[in-house]
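A.B. asks: Sharing a structure, written as structure tokens. Questions coming.
The values are calculated or read from the model by the stated rules, or taken from the named source; none is laboratory data. Nothing here was measured: the structure is a model prediction, and the numbers come from that model. With ideal geometry, Cβ positions are generated from the backbone for all residues, glycine too; neighbour counts draw on all protein chains shown. Side chains are part of the model used for accessible areas, which takes the heavy atoms of the whole protein and leaves out ligands, DNA and RNA. Shrake-Rupley method; radii C 1.70, N 1.55, O 1.52, S 1.80 Å.
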Amino acid sequence: MTVDLGIPAARPQPVAQRRKSRQVMVGNVPVGGDAPISVQSMTTTVTSDINSTLQQIAELTASGCQIVRVAVPTNDDAEALPVIARKSQIPVIADIHFQPKYVFAAIEAGCAAVRVNPGNIKKFDDRVGEIATAASEAGIPIRIGVNAGSLDKRLLAKHGKATPEALAESALWECSLFEEHGFRDLKISVKHNDPVVMINAYRQLAQQCEYPLHLGVTEAGPAFQGTIKSSVAFGALLAEGIGDTIRVSLSSPPAEEVKVGTQILESLGLRDRSLEIVSCPSCGRAQVDVYALANEVTAGLEGMDVPLRVAVMGCVVNGPGEARDADLGVASGNGKGQIFVKGEVIKTVPESKIVETLIDEAMRIADDMRDSGVESGSPDITVAG
């Protein structure tokens, strides 16, 4: 018997209860507490090239990015921050390495937060009091960003290498220095290129503090490898309720990082869904080019903002049942496609008309959903086997 599932829930039940954490405000985006998990990325432009940087921030904003980080390695970059912070559509975090003076420049420029890497900033611990005072007066949080590749030499000597214990200890030590000055608007990241080390480091932090945690696998690699590593690491932690904001690090355009991060959250029921393409992986039974068909339908419906499930099936074995379980679907075979809407066959069309028909019907159903007040979410594209 086939069951009509109807419109999918915009947000399915999460896999785990969120860890309790303090909440900080990064501009107008809450991080931690009961706030939704936010998706971040980082610009790849030279920050001092203001126009290029703002253009990339605009592209990231359009892709769903909620917080953006910019690198500040030079005076020219620091001088560009006031304009970038003022004109960006989303909160800007200044990423500081090596020179503590840029921390103060970023705060004065109006950045929404500052990320510091204590392991490679000269005499950072000696400047914590000044930084705490400046950040407190400006009302912005500080992210303690510990990286395996730049771990404090004292901790490397103690632990032998960048172990989970070393990463967690480094972050908590720096937090304790800020706490001595009464500053607790902190969030923490402990990044490593090995997902197993990264997972265990965050688990330790989750047990030892209440600060919000920024999840990341550093130097994750090219798109395919980096997506797998980040998905495995984030999925393991988020499934335990650990994580308050995420950044997927890929050797790809930043907008791709945002897409992957969004998909991870949607897959775990941590972000509202909208468009979902359910397509079969194809096999020897397929009587249509499922890959091409699914890609064409996906491209034609890109940007749809309502929770619509569209099934694209290539044969008569699983096709009709899967297609009927969707809001809209097609079961293809023998040069034709049966079009289903909410479990009912509404028409049979030639194979050449399948994509056009599905898109037209999807647009019509989406309009009906909007008229009915269905809330939009973020795009979700999955493949069902």
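A.B. asks: crowded, with 18+ Cβ neighbours inside 10 Å and within 16 Å of GLY329 (Cα to Cα), is that true of LEU265?
C.D. replies: Answer is no for this residue.
A.B. asks: Six or more apart or on different chains, Cβ atoms under 6 Å: show the pairs whose first residue is in the stretch 179-208 and farther than 17 Å from GLY119 by Cα and whose second is charged (D, E, K, R).
C.D. replies: Once the first residue is farther than 17 Å from GLY119 by Cα and sits in the stretch 179-208, its partners that are charged (D, E, K, R) give PRO195/LYS229; ALA206/ARG19.
A.B. asks: Select from the stretch 153-187 the residues that are touching a His at 6+ places or on another chain (Cβ under 7 Å) and open to solvent by less than 10 Å² (accessible area, probe 1.4 Å) and write down the one among them that is nearest to GLN23 (Cα to Cα).
C.D. replies: Per the criteria, the residue is LYS187.
A.B. asks: Do we have VAL278 as modelled with pLDDT under 80 and part of a strand (DSSP E or B) here?
C.D. replies: Judged against the criteria, VAL278 is a match.
A.B. asks: Search the stretch 82-111 for residues being closer than 24 Å to LEU172 by Cβ and within 26 Å of the chain's Cα centre (by Cα), and hand back the single one that is most open to solvent (accessible area, probe 1.4 Å).
C.D. replies: Going through the qualifying residues, I end up with HIS97.
A.B. asks: If you don't mind, another one. In the stretch 281-292, which residue that is assigned to a helix (DSSP H, G or I) and at pLDDT below 85 is surrounded by the most Cβ atoms within 10 Å (Cβ to Cβ)?
C.D. replies: Among residues in the stretch 281-292 that are assigned to a helix (DSSP H, G or I) and at pLDDT below 85, the one surrounded by the most Cβ atoms within 10 Å (Cβ to Cβ) is VAL290.
A.B. asks: Right, another one. Restricting the search to the stretch 190-215, which residues are crowded, with 22+ Cβ neighbours inside 10 Å and modelled with pLDDT under 95?
C.D. replies: Across the stretch 190-215, the qualifying residues are LYS191, HIS192.
A.B. asks: Give the residues of the stretch 232-248 that are open to solvent by 10 Å² or more (accessible area, probe 1.4 Å) and more than 10 Å from the chain's Cα centre (by Cα), sorted by residue number.
C.D. replies: If the condition is that a residue be open to solvent by 10 Å² or more (accessible area, probe 1.4 Å) and more than 10 Å from the chain's Cα centre (by Cα), then VAL232, GLY235, ALA236, ALA239, GLU240, ILE242 are the ones that fit.
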